[in-house]
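Bear in mind these aren't lab numbers, they're just calculated from the coordinates by the rules spelled out. Since the model is a prediction, treat every value here as computed from it, not as a measurement. So basically every Cβ, Gly included, is an ideal-geometry build from the backbone, and we count neighbours across all protein chains shown.
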Amino acid sequence: MMWRDKKLKNIVPLQVERTNKGSQLAPWDVDRATQTEYVEHYLTLRAFLEHGGDHRPAAACIRPYLEQRLRYLFPGPPFQTRDALGDLIAKIRTSGPGSRLNVLQAKLPELESINDASLPSHHATDDVPGMTPLTPEGVRLFAQKALDVLG
């Protein structure tokens, strides 16, 4: 709250940081430290698409970003907090003509392809034939799809 208060102009945000010899004061990025998981996932996907780098953090953000995006755009029932992307897709698929989710049925092919492609990033793949993690090119493709599919 102090950080957002426009009247307090000369605040220097600091944090206590552990070191090998104890602790020290260090600069604190308040905006980064207080951003939501949803924003963190979005920024991770954007950063990978814009700058490249290690594709694995972005791969791990695809599914949770879409889950959170769906819950953000369509809050409350029938979506539940614990619903995984596959559960959300199933609820969209079975939604009737009067349901507010029915408009998402046109997005099902894209959502399903993203769901299928991103599964290896969330499950152990060593002993599952055919389930290989996304390549950097695959992460690039599906990260962009994840950002585009719901606008």
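Exposed loop sites here mean trypsin sites (Lys or Arg not before Pro) with a DSSP loop assignment and at most 11 other beta-carbon atoms within 10 Å; the chain contains its longest site-free run at 83-151. What you get for the range 37-149, charging only the Cβ of Lys and Arg (+1) and of Asp and Glu (-1), is a dipole of about 460 debye around the Cα centre. Distance distribution P(r), the range 1-74, all Cα-Cα pairs, bin width 5 angstrom from 0: 3, 13, 16, 14, 14, 16, 15, 8, 1, 0 percent.
Dividing the radius of gyration of the alpha carbons in the range 37-110 by their Kirkwood radius gives 1.04 for Rg/Rh. Positive contributions from Lys and Arg (+1) and negative ones from Asp and Glu (-1), summed over other residues with Cβ under 12 Å from the Cβ of GLU112, come out at +1.
Annotation: lysines with alpha-carbon distance below 17 angstrom to LYS91 (same-chain offsets under eight excluded): LYS107. Only aspartates and glutamates eight or more places from LYS7 in sequence, or on another chain, were considered; those with a Cα closer than 20 Å are ASP29, ASP31.
Once you divide the Cα radius of gyration of the chain by 2.2 N^0.38 Å, the number left is 1.31. Note on the chain: helix-only mean residue ellipticity at 222 nm, from DSSP H runs of 4+ residues weighted -39500 (n - 2.57) and normalised by residue number, equals -15000 deg cm²/dmol.
Across ASN20, ASN115, ASN102, mean-square fluctuation computed from a Gaussian network of the chain (C-alpha pairs under 10 Å connected) peaks at ASN20.
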